[in-house]
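Take a look at the structure set out below.
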Amino acid sequence: PRPALAAGFALGRRVSPALAGSRPLRWALVHVPEEARDRRAGNLERVWRDVAWPATGAFEALVRGGWPAGAVTDEQLAAGVPAGAEVLVLPAPNDLTPAQSGAVRAFEARGGAVVRLTPD
């Protein structure tokens, strides 16, 4: 509804100056494996079981636990785990590209913790 939208924009105008220049704190990152999802696109049950649920469940557990969490896409992960992250959750660790695997190894080498979820 229009009044709710107007109130949302008004709130944004009030808080934006206070947040200008700030950066989100993402202590933990959950990889959102788009390519792994796309490879299973013909089977929605496998998409949910192998990719979507592990990513969603991990993110929800972190947020409910009060941990600062964010998501990292395939492209972002291939470029390297963003600075500030200390934990990386991989919902589909067997589906990483060589570039993503290299980024994960570099992250571990600098002391980052990696949680590799595996199917049942």
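Quick look at the numbers
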read-out: Solvent-accessible area per residue for the chain (1.4 angstrom probe, square angstrom); value: 66 Å²
read-out: Whole-Å semi-axes of the stretch 55-115's equivalent ellipsoid (Cα gyration tensor); value: 19, 13, 10
read-out: Computed over the chain, the ratio Rg/Rh where both radii use C-alpha atoms and Rh is Kirkwood; value: 1.07
read-out: Value of relative contact order over the stretch 51-120, rounded to a whole percent, pairs C-alpha under 8 Å and six or more apart; value: 35 percent
read-out: Whole-number percent relative contact order across the stretch 1-78, with pairs defined as alpha carbons under 8 Å at least 6 apart; value: 41 percent
read-out: Solvent-accessible area, 1.4 Å probe, carbon plus sulfur percent, for the stretch 20-117; value: 56 percent
read-out: Ordering of 55-62, 38-45, 79-86, 8-15 by packing [mean C-beta count within 10 Å, highest first]; value: 55-62, 79-86, 38-45, 8-15
read-out: Alpha-carbon spread of the stretch 8-48, three principal axes, descending order, Å; value: 46, 25, 13
read-out: Value of D in µm² per second that Stokes-Einstein yields for the stretch 1-71, Kirkwood Rh from Cα pairs, at 4 °C (1.567 mPa s); value: 86 µm²/s
read-out: Charge dipole (the stretch 1-77, unit charges on Cβ, about Cα centre) - positive-most of LEU29, SER16, LEU77; value: SER16
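The values are calculated or read from the model by the stated rules, or taken from the named source; none is laboratory data. Please read these numbers as outputs of a predicted model, since none were measured by experiment. Neighbour counts run over all protein chains shown; Cβ positions are idealised from the backbone, glycine included. With ligands, DNA and RNA removed, areas are computed over all heavy atoms of the protein, side chains included. Shrake-Rupley method; radii C 1.70, N 1.55, O 1.52, S 1.80 Å.
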